[in-house]
Protein chains: 2
Amino acid sequence: MTGHQRRLVAEFEDLDPGGRFARHPWRSPGLGHGEARTLEDGGVFERAAVNVSVLRSRDLHPVAAPGPELAGREYSAASISMVLHAVNPYVPSFHANFRYFEVSDADGEWWLGGGMDMTPSYGFETDAESFHKAIKRCCDEHEIGAYQEWKKNCDEYFYVKHRGEMRGVGGVFFDHLTGSGADRTALAAFTGGALTAISEAYLPIVRRRMGTPYGDAQRNWQLARRGRYVEFNLVYDIGTTFGLNTGVDADNVLASLPPVVRWSRGVVPEPGSAEERLSSFLQPRDWAGDR
Amino acid sequence: MTGHQRRLVAEFEDLDPGGRFARHPWRSPGLGHGEARTLEDGGVFERAAVNVSVLRSRDLHPVAAPGPELAGREYSAASISMVLHAVNPYVPSFHANFRYFEVSDADGEWWLGGGMDMTPSYGFETDAESFHKAIKRCCDEHEIGAYQEWKKNCDEYFYVKHRGEMRGVGGVFFDHLTGSGADRTALAAFTGGALTAISEAYLPIVRRRMGTPYGDAQRNWQLARRGRYVEFNLVYDIGTTFGLNTGVDADNVLASLPPVVRWSRGVVPEPGSAEERLSSFLQPRDWAGDR
């Protein structure tokens, strides 16, 4: 996964001449090791992180276990995760994560979880469509890929229940994929394909929107929408709950949080505005379908 | 409780000639009613809320129940809660909440929970001492007041586990206080006393610090510390979890969140600076003791 990390960091830096990813390697006896690559205050990305980690620990948190019988067991896990928050309010945020777990004993159970999704502050159908179509293509290229099912999972998962709204336009999300040894190879191949597809799914959207002019009103809307992102990640997200419980440095786990966020009751969209249209835009739709 | 709400709002407005509390009354059939009073972008307070609510609902959330046998029962609850986040980084944030629950049936169980605590971005011993001493005086004036026990509860409760740090300098925190009918009167009297003591415990500190000059470095530190506040409230706080599950408007529940927040790996205090001293300052200490 460090190969993909290196490649993605290079591609993100290519897009953002003003930004450089710093390295934060870590090693913690009895827990694991990893490297967080993080960019702050770039020209295109305001905050971005591409983290890899390998954990080996005694006590599998129930939120990560496929069933209660595996909770508390010794396990190892390898994961790559990334979140990008752009400066320009018209560029959506992007998140992806792939994680491979193995329970370490003779009848070793293993599984793969992962997915990717996108969170715009302004709704553009073109973007949601091209994003979903790129992901669907990647799923279709692999026998185990199940775009429709995983797309539905994603819509259900990234839901900010207390706001009654989706976090973004979704993508795909799956967990606890397992099988025989042969399936393990197929899943590894799919993971590689999906990590490669990120460039095709997300980067064209960044290029398309990063130069759009904006003012204070759009910036304030973005900061308010980022509040929803924080609310989802800290209240509901399983990966965040799991991460904060592992003992991994909280700065690495919370590298997913946006840089500057604003909570205010005053941010209420004007009727008929682009901001108001977001709530009807953020509904589960067949973005990859033919029209 | 609306009397206390009115008085406190008036006192906070007196302190802040640039700020006015707006009214957000609400009524929801099958749930309850209440009024959120909120101030944004004042001269002294950047965001403040004083909310009262009366809930009457069918399904008591387990986090609020004193024991599993009461979870899921029909209940009514009256509460007042307030959070103040100041503009000036040297003015601590303040939080207080009092809530009275009653399970609605013949052998009606009831209990009171509540407390108040303070969260500075910069540590001043004078402030922590005067704050705790005022609270202790109020507890000592009421037979049921148990400052030492409640102070310890508070230190344990307002702990940001994944950061290994306390949220602030604490205060008092108690829950599930109950007893006979006579105790109910004593608890109501204590609640009134505590709500009155807020003016004596917190407002002098605001007056003392609100004019302190500061620059970008202090502002950035404040925004980073506010991130910890958000992390605590969304990840651990029982009142927030309870509130987000009741169906009460999320803007009212999340009125506790600070206005502008920043997450950045770049905010690392200089050795020996006032910012670095905060972590040793934020330790459980006998703030109300004689020295």
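The values are calculated or read from the model by the stated rules, or taken from the named source; none is laboratory data. Note that the structure is predicted; figures quoted are calculated from it, not measured. Cβ coordinates were reconstructed from backbone atoms using ideal geometry, including for glycine residues, and neighbour counts include every protein chain displayed. Remember, those area values only see protein heavy atoms, side chains included, never the ligands or the DNA or RNA. Shrake-Rupley method; radii C 1.70, N 1.55, O 1.52, S 1.80 Å.
Scanning the range A:66-84 for residues that are without any contact (Cβ under 8 Å) to a residue 12 or more places away in the chain and small (Gly, Ala, Ser) turns up A:GLY67, A:ALA71.
When the residues of the range B:204-255 are filtered to those that are under 16 Å from the mean Cα position of the chain (by Cα) and not in a helix (DSSP H, G or I), the one that is surrounded by the fewest Cβ atoms within 10 Å (Cβ to Cβ) is B:TYR236. Inclusion of A:ILE205 among residues that are over 15 Å from A:GLY168 (Cβ atoms), of a type outside the set (Phe, Trp, Tyr) and in contact (Cβ under 8 Å) with a residue 40 or more places away in the chain is not warranted.
Matching residues to (1) crowded, with 19+ Cβ neighbours inside 10 Å; (2) under 15 Å from A:GLY247 (Cβ atoms):
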site: A:ARG7; (1), (2): no, no
site: A:ASP16; (1), (2): yes, no
site: A:GLY34; (1), (2): yes, yes
site: A:ALA65; (1), (2): yes, no
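Any chance you could count how many residues in the range B:91-109 are outside any strand (DSSP E or B) and crowded, with 24+ Cβ neighbours inside 10 Å? Total meeting the criteria: 2. Among the conditions (1) modelled with pLDDT of 95 or more; (2) crowded, with 20+ Cβ neighbours inside 10 Å; (3) not hydrophobic (A, V, I, L, M, F, W, C), the only one that B:ARG277 does not satisfy is (2). So which residues in the range B:81-112 are more than 30 Å from A:ARG262 (Cβ to Cβ) and either out of contact with any Pro (no Cβ under 9 Å at 6 or more places or on another chain) or of a type in the set (Ser, Thr, Tyr) (or both), if there are any at all? Hits for the range B:81-112 are B:TYR100, B:GLU102, B:VAL103, B:SER104, B:ASP105, B:ALA106, B:ASP107, B:GLY108, B:TRP110, B:LEU112. Close Cβ contacts (under 7 Å, 6 or more residues apart or on different chains) running from residues in the range B:150-165 that are within 14 Å of another protein chain (Cβ to nearest Cβ) to residues that are in a helix (DSSP H, G or I) and open to solvent by 20 Å² or more (accessible area, probe 1.4 Å) comprise B:VAL160/B:ARG228; B:HIS162/A:LEU244; B:ARG163/B:ARG228; B:GLU165/B:SER279.
The number of residues in the range B:157-170 that are among the aliphatic types (A, V, I, L, M) and either part of a loop (DSSP other than H, G, I, E, B) or buried (at least 21 other Cβ atoms within 10 Å of the Cβ) (or both) comes to 2. Say whether the condition of being in contact (Cβ under 8 Å) with a residue 40 or more places away in the chain, touching a strand residue (DSSP E or B) at 6+ places or on another chain (Cβ under 9 Å) and open to solvent by 20 Å² or more (accessible area, probe 1.4 Å) is met by at least one residue in the range A:195-202. Looking through the range A:195-202, none of the residues is in contact (Cβ under 8 Å) with a residue 40 or more places away in the chain, touching a strand residue (DSSP E or B) at 6+ places or on another chain (Cβ under 9 Å) and open to solvent by 20 Å² or more (accessible area, probe 1.4 Å).
Residue-wise test of (1) closer than 23 Å to A:PHE12 by Cβ; (2) open to solvent by 10 Å² or more (accessible area, probe 1.4 Å); (3) not in a loop (DSSP other than H, G, I, E, B).
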| residue | (1), (2), (3) |
| --- | --- |
| A:TRP111 | no, no, yes |
| A:ASP127 | yes, no, yes |
| A:ILE135 | yes, no, yes |
| A:GLN148 | no, yes, yes |
| A:ASP155 | no, yes, yes |
| A:ASP175 | no, yes, yes |
| A:ALA189 | no, yes, yes |
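Output the residue which, of all residues in the range A:1-57 that are in contact with a helix residue (DSSP H, G or I) (Cβ under 8 Å, 6 or more places away or on another chain) and among the small types (Gly, Ala, Ser), is farthest from A:LEU257 (Cα to Cα). That would be A:SER57.
Write out, first by first residue and then by second, each pair whose Cβ atoms fall under 7 Å of each other, whose residues are 6+ apart or on separate chains, and whose first residue, in the range A:176-191, is touching a residue at least 12 places away in the same chain (Cβ under 8 Å) while the second is part of a helix (DSSP H, G or I). Pairs that qualify, where the first residue is touching a residue at least 12 places away in the same chain (Cβ under 8 Å) and the partner is part of a helix (DSSP H, G or I), are A:LEU177/A:LEU187.
Restricting the range A:256-277 to residues that are part of a loop (DSSP other than H, G, I, E, B) and touching a Leu at 6+ places or on another chain (Cβ under 9 Å), the residue that is farthest from the other protein chains (Cβ to nearest Cβ) is A:PRO269. Being touching a Pro at 6+ places or on another chain (Cβ under 8 Å) and either in contact (Cβ under 8 Å) with a residue 24 or more places away in the chain or of a type in the set (Asp, Glu) (or both) is the filter here; which residues of the range A:1-35 pass it? Matches in the range A:1-35: A:GLY34, A:GLU35. Candidates in the range B:168-190 are the residues that are modelled with pLDDT of 95 or more and not aromatic (Phe, Trp, Tyr); of these, the one that is nearest to B:GLY67 (Cα to Cα) is B:VAL172. The residues in the range A:209-235 that are touching a helix residue (DSSP H, G or I) at 6+ places or on another chain (Cβ under 7 Å) and of a type outside the set (A, V, I, L, M) can be counted, and the count is 4. Summed over the range B:258-274, residues that are under 24 Å from B:ALA48 (Cα atoms) and touching a residue at least 40 places away in the same chain (Cβ under 8 Å) total 4.
Could you say whether any residue in the range B:142-158 is modelled with pLDDT under 95 and within 30 Å of A:GLY243 (Cα to Cα)? No, there is no match, as no residue in the range B:142-158 is modelled with pLDDT under 95 and within 30 Å of A:GLY243 (Cα to Cα). Restricting attention to the range A:42-62, the residues being among the charged types (D, E, K, R), at pLDDT 95 or above and over 14 Å from A:HIS95 (Cα atoms) number 1.
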